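See below for the structure under consideration.
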Ligand SMILES: [Zn+2]
């Protein structure tokens, strides 16, 4: 039975903090895609009406039945065009659905961030890909994980300057791009800083953090800056070391290999390419949600990475991933709560 815990309208006084009886039942309606009637409610403070559907992630969606299917395809390395053919949707409709789902998952990932224990080990690395044009528009993607659980804390992309072997054709192409878009800036330092600070946010201040990276010269400074409120133990490994299981950075290398496999956009030698960087970022959020919440840590495991770090009590289903809206921060409904409790209340209950 659904019970709303607050008014969904932001300007209402019952939005941030609601009384127990802030709304009353206001009938119900039938939706073509639901077998049960959808209950409606009326807020006693602002007088506006809303329904159970107002709190769902597929609120106002056309073809909500295809959301899970699209998510499964995207998280399995299939591109937007092929997904649209498979689902029988137009390309534009598939793009819009992907965008909405990915933004929802970005909020879910942030809302379900765990509190990491003292003494946890984080691993950080960057890999390269590109947007639209391989030889002129490279991108760097910093990735941060918790080593033991393989929990992906954060990943995002940043533009970098083209580097490496320069042929005449390539120099001409870079000049052409520079004329069109202005000189390409290197923004990777900012992305590294933001990714590391996402890690610092989820470790208690004052706790001991072990950070493992390769020997890139800028990392020690960046790490000290991000983890200044912690006792930081920074361990560095030469990136020329063979990438075998005994390599201390194997967990992050393995995570990146899995990412390259499951996100078609970052595969090497592939037709699937992000034309714009911001859509790669959305694809990364879909992958993070799938990796942390749905997939097992290893095939032989029962638990997901998010379960191992304590942010959920079991692996989520695809349906739970796209269940409740997540745009109200910790006051959004927890995807695992049967009684529609908020994420904050669910955490308190789990801790008690
Ligand atoms: Zn209201």
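Each reported figure results from applying straightforward, stated rules to the coordinates on display, with no laboratory input. All values reported here derive from a predicted model rather than from experimental measurement. Positions of Cβ are generated from backbone atoms using ideal geometry, with glycine treated the same way; all protein chains shown enter the neighbour counts.
General remarks:
- Stokes-Einstein diffusion for the chain at 4 °C, viscosity 1.567 mPa s, with a Kirkwood radius from C-alpha pairs, works out to 58 µm²/s.
- Neighbour-count ranking [beta-carbon atoms within 10 angstrom, fewest first] of 131, 168, 95, 176: 168, 176, 95, 131
- Every Cα-Cα pair of region 266-323 was included, and the share exceeding 16 Å stands at 53 percent.
- Cα-based shape type of region 81-172, given that a ≥ b ≥ c are square roots of the gyration tensor eigenvalues and the cut on a/c is 1.5: oblate
- Distance between region 89-148 and region 157-208 - C-alpha centres, whole angstrom: 15
- Residue of 83, 140, 35 that the Gaussian network model of the chain assigns the largest fluctuation, springs spanning Cα pairs under 10 Å: 35
- Taking 292, 253, 109 in turn, the Gaussian network model of the chain (Cα-Cα springs below 10 Å) assigns the largest fluctuation to 253.
- Take the Kirkwood radius over Cα pairs of region 116-260, plug it into Stokes-Einstein at 10 °C and 1.306 mPa s, and you get 97 µm²/s for translational diffusion.
- Per-residue Cβ neighbour rank within 10 angstrom, fewest leading, 100, 165: 165, 100
- Using C-alpha pairs under 8 Å with a sequence gap of at least 6, the mean separation divided by the residue count of the chain gives a relative contact order of 19 percent.
- Per-pair calculated FRET efficiency, R0 = 35 Å: residue 86 and residue 241 via Cβ, rounded to 0.05: 0.25
- Taking all pairs of distinct alpha-carbon atoms in region 197-352, Kirkwood radius in angstrom: 18.4
- The residues 29, 219, 9, when put in order of fewest to most other Cβ atoms within 10 Å, stand as 29, 9, 219.
- Mean shadow area of region 1-55 over all directions, Cα convex hull, nm²: 3.8
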